[in-house]
1. Just name the residue that is modelled with the lowest pLDDT out of those in the stretch A:269-294 that are open to solvent by less than 30 Å² (accessible area, probe 1.4 Å) and within 14 Å of RNA strand B (Cβ to nearest atom).
2. Tell me which residues, restricted to the stretch A:1-37, are acidic (Asp, Glu) and either modelled with pLDDT of 95 or more or open to solvent by 50 Å² or more (accessible area, probe 1.4 Å) (or both).
3. Would you mention how many residues in the stretch A:15-67 are in a strand (DSSP E or B) and of a type in the set (D, E, K, R)?
4. Might you let me know whether the stretch A:298-315 holds any residue that is open to solvent by 50 Å² or more (accessible area, probe 1.4 Å) and more than 9 Å from RNA strand B (Cβ to nearest atom)?
5. Do we have residue A:161 as modelled with pLDDT of 80 or more, in the same structural domain as residue A:243 (by TED's automatic domain parsing) and within 23 Å of residue A:97 (Cα to Cα) here?
6. Going through the stretch A:223-233 one residue at a time, which ones are open to solvent by 10 Å² or more (accessible area, probe 1.4 Å) and either outside any helix (DSSP H, G or I) or of a type outside the set (Phe, Trp, Tyr) (or both)?
7. If I ask for residues that are assigned to a strand (DSSP E or B) and buried (at least 21 other Cβ atoms within 10 Å of the Cβ), which ones from the stretch A:240-268 would you list?
8. Conditions: (1) assigned by TED's automatic domain parsing to the domain that holds residue A:312; (2) of a type outside the set (Ser, Thr, Tyr); (3) in contact (Cβ under 8 Å) with a residue 24 or more places away in the chain; (4) closer than 19 Å to residue A:118 by Cα. Residue A:372 meets all but one. Number of the miss?
Amino acid sequence: MHPLYLFNTLTRKKEEFSPLEPGKVGMYTCGPTVYQYATIGNMRSYVFADILRRVLEYNGYSVKMVMNITDVGHLVSDADEGEDKMLVAVGREKKTPWEIAKFYTDAFMRDTARLNILRPSVVCYATEHIEEMLEMVVDLVEKGYGYETSDGIYFDISKFPSYGQLSGIKLEEQLAGARVEQNPEKRHPADFALWKKAPKEHIMQWPSPWGMGYPGWHIECSAMSRKYLGDQFDIHTGGVDHIPTHHENEIAQSQCVTGKIPARFWMHGEFLLVDGGKMSKSLGNTYTLDDLIARGFEPLAFRYFCFSAHYRSHLNFTWSALESAQKGLRSLRAAVQKAAREGEKPGAEEKVEAFRQAFLEAINDDLNMPRAVSVLWEAAKADLGRGLADLAGDFERVFALDLLTGPAADDRPLDISELPQEVVEILEERKLARQAKDWAKADLLREKLREMGYQVKDLKDGYEVTRIPR
RNA sequence: GGCGAGAUAGCCAAGCGGUAAGGCAGGGGUCUGCAAAACCCCGAUCCCCGGUUCGAGUCCGGGUCUCGCCUCCA
């Protein structure tokens, strides 16, 4: 057996994982804010969370995975100059915030499904948990951690001395280059809103002890993780950008209510870069899964691409890198699917077991997917016969790349009946040309077929045709 | 200004003290009328300078460069 090691942001080192309750794992994943299409950068993050969940399950744990959908919040911008994304969406699409949220939630679910990301055990919506959030806010205020200003209820950071434990940031040092504080009523610049009072025109608002309003941006995760996973659970995941503010605030709120840091392990996925630089919604250099599909790539090629770097490393997205992933995935499938048609290979069992161990060691070493993938590649070249297909089937519980069923490099030859009449005619014409040794004409016709999307392979007598991938 | 990550073959990248995984691209070969596909073979001493060690991409110190976060963002 290989124990499972996971990197914990809280302690900054790899720790051997063991759950609070034997055999069971509770994990919470910070989900999307649904006001526009998710980017492939977002998707990398959810692929990471999915891998974590699958590796836990591969290790025999029963996993309860909870993910939030932020369908409220930040409707009115905090910064005077910042634009209000949800309002922009409302204006742009002539829909209500609820319709916008529904639309992009559906889009998100579709994208994750296309990436073979398993649906979390619980998907919870912020708007359906306003009560739970208010309970926490009230509790915090009663305990003296919150205070009221003219525009909302704020968390008093000075009452929580351990603030910053996750990111290692000292508040005093943060102030120098930080954004100019806009709200003079706050006692400390880093104090954050628990609840905001809503102006009349604000679309989404709910009653509270302080009048109509809406929740702050961090309270939903504290409230919902507590509701579904309890005061303390095993793992909390998110993107690295969540470390300094969102997760610090979440810990502060939760710990002040329950006395416990909500999760024991905090895990964060690094950013996806584009052409060596930052991808961000505000820079506009983002791609969606649909953009990749429009260029002819499979969604799963992106999933495979995500495996090329460790989750705590930057991964640089370029079209040629994706191209390389697409090709690699297809030929890996070709090897696996070919093996599935073969018989048992005497003596392969031992090797198969060794590869299985190497795989387990890789994934249990803080989810080292690049290494896990290379294990399968080595297995693919080890002459295992059917054993390779069995092995791949086992690894698929984590990879989920449709290795046994997805389109492969050596796609099966097409039958005449599957081809358009025009193509058949050209094929026959070319066959005659070849018999007549009219190579120039044969080559010309082959090129013509290629342009139509078909690859001809000449056999001793006759030919086979395959569809050119993409 | 503060915090952090990283620099490994053309590209994407593993490696965590014992003489550099894997993929893509490229080159050579078998096969083919030529191709395609498949299969076989081929490539780096690891940003620079010191140090520790029998031995260092791998640890320590100092540089140089790149990137991220500190502001909604995975």
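The values are calculated or read from the model by the stated rules, or taken from the named source; none is laboratory data. Treat the numbers as computed from the prediction; the structure is a model and nothing was measured. As a convention, Cβ positions derive from the backbone with ideal geometry for all residues, glycine included, and neighbour counts pool all protein chains shown. Just so you know, the surface numbers come from the protein's heavy atoms only, side chains and all, with ligands and any DNA or RNA stripped out. Shrake-Rupley method; radii C 1.70, N 1.55, O 1.52, S 1.80 Å.
1. First, pick out the residues of the stretch A:269-294 that are open to solvent by less than 30 Å² (accessible area, probe 1.4 Å): A:269, A:272, A:274, A:277, A:279-280, A:288-289, A:292.
Subsequent filtering for residues that are within 14 Å of RNA strand B (Cβ to nearest atom) retains A:269, A:272, A:274, A:277, A:279-280, A:288-289.
Numbers: A:269: 92, A:272: 91, A:274: 88, A:277: 82, A:279: 81, A:280: 72, A:288: 92, A:289: 94.
So the residue we want is A:280.
2. A:16, A:21
3. So the answer is 5.
4. Taking every residue of the stretch A:298-315 in turn, none turns out to be open to solvent by 50 Å² or more (accessible area, probe 1.4 Å) and more than 9 Å from RNA strand B (Cβ to nearest atom).
5. Numbers: modelled with pLDDT of 80 or more: yes; in the same structural domain as residue A:243 (by TED's automatic domain parsing): yes; within 23 Å of residue A:97 (Cα to Cα): no.
No; evaluated as a whole, the condition is false for this residue.
6. The first filter runs over the stretch A:223-233 and keeps only residues open to solvent by 10 Å² or more (accessible area, probe 1.4 Å), leaving A:226-232.
The answer is A:226, A:227, A:229, A:230, A:231, A:232.
7. Taking the stretch A:240-268 as the starting set, the residues that turn out to be assigned to a strand (DSSP E or B) are A:263-268.
If the condition is that a residue be assigned to a strand (DSSP E or B) and buried (at least 21 other Cβ atoms within 10 Å of the Cβ), then A:263, A:265, A:266, A:267, A:268 are the ones that fit.
8. Every listed condition holds for residue A:372 apart from (4).
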